[in-house]
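So the structure is just underneath, and the comments pick up after that.
The values are calculated or read from the model by the stated rules, or taken from the named source; none is laboratory data. Since this is a predicted model, take the numbers as computed values, not measurements. Don't worry about glycine lacking a Cβ; one is built from the backbone with ideal geometry, like all the others, and counts go over all protein chains shown. Side chains are part of the model used for accessible areas, which takes the heavy atoms of the whole protein and leaves out ligands, DNA and RNA. Shrake-Rupley method; radii C 1.70, N 1.55, O 1.52, S 1.80 Å.
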Amino acid sequence: MSKRKMTHQPQEETMDALEAHLAGTLKRVTPSRDLVQRLQGRLQMPSRKEITLRLRDWNRLFLIFGGVMSGMLLLVTLARAFYYLVGSRPRV
Amino acid sequence: MSEQEYKEEEVLALASQGDRDAFGQLYEHYVERIFNYVYYRTGNSHDAEDLTARVFQRAMNHIVNYTDRGVPFSAWLYRIAHNLVANWHRDRSRKQEIPLDDLPILPTKGDHPERNLVRSQEEEALLRMIRKLPPERQNLLILKFVENMSNAEIGRIMGRSEGAVKSLYHRTLLALRDQLEDQNLNLEGE
């Protein structure tokens, strides 16, 4: 029991020291006010109109996606049918 | 706290409708946190600046898609930052640039420049080790020490339980300790 304590104590001390060093190293840095404002200046907010249009566009996008997928499915079905009727027939 | 949360909900609702001022408030509230996160993940302030701007630009463009499902807005922002940092690391590895191991010391709150200089070598060694950890562990350490977040708060951001965060933290410390031992670095000298 005492041996276990002996081996664990230095480990705990190392961990505590490591935590203390991490706390000392990983400190919050303060970007300058100038940098914060410069970054804000780079941001371009989309207008309300754009946002509503984008939301409506989602519906359109789903329709387009659905249409494309249906078309692809139709093509695959036709190709399979063609292969079944022509391609797989044994030659005499 | 609940009043603040309510306020954030209001601001978020306005921002998602294209209100510039509302997004400006969100930006003011989170810019320092995101900058810190990106700064420690990239290791240099120039890329941190650029990536922080991109995080908020992306957030602004997609804020209409943000839906509050019990996940805080900060978690959403950190997720964007995490993805952009991951892309940044991928691009750098493709370009095979020389890694920037020197993290320039920016002014930290309540610190004197002289103290920074004295500690910089030791800090740099530790920071190099931290940056070699898997991204998830780096995130954990940044949130814990830079943001002073509790395990529960970190769990909400990382999408893990409090227990899982605690366990990951312990394993991270063990990994760092092993690395320190491998490199014969002693931190107990203080």
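In Å², rounded to the nearest 100, what is the total accessible surface buried by chains B and A against each other with a 1.4 Å probe? Spell out each step's value before the answer.
Details: alone 12360 and 10020 Å², together 18110 Å².
Adding both sides of the contact gives about 4300 Å².
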(message) Restricting to DSSP loop positions (anything but H, G, I, E, B) with no more than 14 other Cβ atoms inside 10 Å of their own Cβ, which chymotrypsin sites (Phe, Trp or Tyr not before Pro) remain in the range B:38-69?
(response) none
(request) Could you state how much accessible area A:F62 has, in square angstrom rounded to the nearest 10, with a 1.4 Å probe and all protein chains kept in place? (result) 140
